[in-house]
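The values are calculated or read from the model by the stated rules, or taken from the named source; none is laboratory data. This structure is a prediction, so every number in the text was calculated from the model and none was measured. Note that we place each Cβ from the backbone using ideal geometry, even for glycine, and neighbour counts take in every protein chain shown. We work out accessible area using only protein heavy atoms, side chains counted, and drop any ligands, DNA or RNA first. Shrake-Rupley method; radii C 1.70, N 1.55, O 1.52, S 1.80 Å.
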Amino acid sequence: MPPNARILIVDDHEDTLYALESALAPLGHLLGRATSGDEALKQLLRGNVGLLLLDVHLPGTGGLDVVRYMRRLEQTRLIPVVLLTGFARDPQLGAAAYALGVADLVTKPVDPWALRTKIRHLYDAHQRRLALEHEIRALRARLEERTPTPGHPALPHPHAHTPPSGPAGAHTGELERDRT
């Protein structure tokens with residue numbers, strides 16, 4: 001995922017979308033928006049989403065259904081998700097959300113400063129993780145290039161010292177001169 005991955009905000013109320021965009025704008029990341037679960041899934045599948053801020057209660061495909069679908073796909077499985085709910089903490093909702101690997105469950109109305117702090121931390125941690133995975137893949141590829149395959153022994157390093165196969169001086173003819 002490129003470093004300019006969007007934070008996708010999903011809510012079916014325009015005023016809530018505007019408030020959330022205003023709260024997250026100071027982070028300086030690209031922001032995207034969707035007003036339904038289906039629209040969110042389409043944007044997730046197009047790629048370039050680095051974090052999902054998702055309302056639980058959406059018409060049609062709800063927030064938990066979006067997360068269930070995301071977790072089944074390789075390309076979206078690890079995207080951090082923060083769920084938003086307008087209802088008081090529901091233990092069943094919390095259990096279901098955390099069982100799906102949701103990073104946090106936030107109750108509306110949202111404290112903009114606290115939300116910004118959570119989103120910044122989750123987004124940055126995810127980007128660092130992706131960068132490390134990319135570096136590991138590159139290092140493994142370099143290692144595989146250097147590792148000999150069976151049947152093709154590795155060549156010695158050009159500066160490696162190999163003992164001569166015969167007595168000293170044999171390769172220069174010095175031994176023949178010494179015998180005469």
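Net charge around Arg77, counting only other residues with Cβ within less than 15 Å of its Cβ (Lys, Arg = +1; Asp, Glu = -1)?
+2
What are the ³J(HN,Hα) values, in whole Hz, obtained from phi via the Karplus relation 6.51 cos²θ - 1.76 cosθ + 1.60 with θ = phi - 60°, for each residue of the range 28-34 in sequence order, with x given for Gly and Pro?
x, 8, 5, 10, x, 9, 8
I'd like the accessible area for Ser22, computed on protein heavy atoms only with a 1.4 Å probe and all protein chains in place. Round to 10 Å², please.
Ser22 has an accessible surface of roughly 60 Å² with all protein chains in place.
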